[in-house]
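A.B. asks: What follows is a single structure, and I will ask about it in a moment.
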């Protein structure tokens, strides 16, 4: 059976990969017992890259033992080759070498700066089992405590003036100061837990999040998400299905309920070296108890493309979206698209960087409010993000993160900008 081991699995899991290897990795992580080291590795960088590409081809074609031997040679000659280390760890899991895979996973978590995305990906491999042995007992979890500042916590409008009406009946108003940008500092706690459900490739996921502000308490939010996931591999494909239920409160009142079904499918097609591709399908139902006219059902279809280097990953996502509303929502149904570009890379021992850009576009089918705002709402929202991850000690990572949101609309009442800076301390599985 043809299999794409790491790249496909990470993209299919929906998590982002970044470099893990550091100086001294060969000394701290012993060579896997199942891999022979009798063949001396070549030392030229070009030869190592060719050997690594050949290993990736072997993984794609299901020749796991051969690929593992080649990956070991790459690592012996180039200990900082993060892609080879990650591929080797998961290839051992795919081979059913549970103890060896667990040793490598544990070593990665203890010695290297793991972003939450990678830690959760490893947790999913543990939950679904290596070669279908008995799953790892217990579960895997992450906790993060954050302190930050946002210059527009209420998404206040950029322009204090707005006009409603048509023709000679147009009237200009000035917004109350409470609807303009309000800045504030905030504290935040977040956690996630993944636990295997038997040995059939299923797992349970729980995520919780709470954010409270120093003065703008009406903007305090709490969210809770529960999900069940199942992974299977029909005909060389890797599929992951998810069913989720989530709740969000705003100002201590239930604001949103969400039900979601998602499928990520990594094809068995042979991809160019270092590239990854996954198909994405998503069906969501959003309900707003205090604003039922805004209830809607959204369908999203698209793909995720990734390019993985030695110590970095670049990932692009593009999907088309359709949001069907119930009667009464201003603007009615809407169509749109979503795109993102993310980069993750290691720049020094214990130090990794992240950068990202997302863009979301919506276009309503009907006039927003006939007689008052006679235009079809068009929304373009760009979000920028950068982060620095510094490993303080095993299982403890400090994350300094900056975010900016630029919401551009043809209805000035909804235009806003926001910028936030935050510092987090993250723990995992200590």
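Taken together, the values in this text are just the output of simple stated rules run on the coordinates, not laboratory data. Worth saying up front: this structure is predicted, and the values here are computed from it rather than measured. Cβ sites come from the backbone with ideal geometry, for glycine too, and all protein chains shown count toward neighbours.
A.B. asks: What is the distance, in nm, between label points placed 7 Å from the Cα along the Cα-to-Cβ direction at residue 299 and at residue 206?
C.D. replies: Between residue 299 and residue 206, the label points sit 3.5 nm apart.
A.B. asks: Quick check: residue separation of residue 414 and residue 365 times 0.36 nm, minus the Cα distance between them. What number comes out in nm?
C.D. replies: 15.9 nm
A.B. asks: Report the FRET efficiency, 1/(1 + (r/R0)^6), for residue 149 and residue 66, where r is their Cβ-Cβ distance and R0 is 41 Å, rounded to 0.05.
C.D. replies: Efficiency for this residue pair is about 0.20.
A.B. asks: Counting other beta carbons within 10 Å of each residue's own, what order do 239, 372 fall into, fewest first?
C.D. replies: Sorted ascending by nearby Cβ count, the order is 372, 239.
A.B. asks: Starting from the 7 Å offset along Cα-to-Cβ, what nm value, one decimal, do you get for the label separation of residue 172 and residue 273?
C.D. replies: Placing both labels 7 Å beyond Cα along the Cβ direction yields 6.3 nm.
A.B. asks: Any idea how far apart residue 341 and residue 375 come out in nm if each label point goes 7 Å out from Cα toward Cβ?
C.D. replies: Each label point is offset 7 Å from its Cα along the Cβ direction, giving 2.8 nm.
A.B. asks: Sort 310, 365 so the one with the fewest other Cβ atoms within 10 Å of its own Cβ comes first.
C.D. replies: Neighbour counts put them in this order, fewest first: 365, 310.
A.B. asks: Right, next: Test of understanding: ordering 122, 90 by Cβ neighbours within 10 Å, fewest first, what list do you get?
C.D. replies: Taking fewest neighbouring Cβ atoms as first place, the list is 90, 122.
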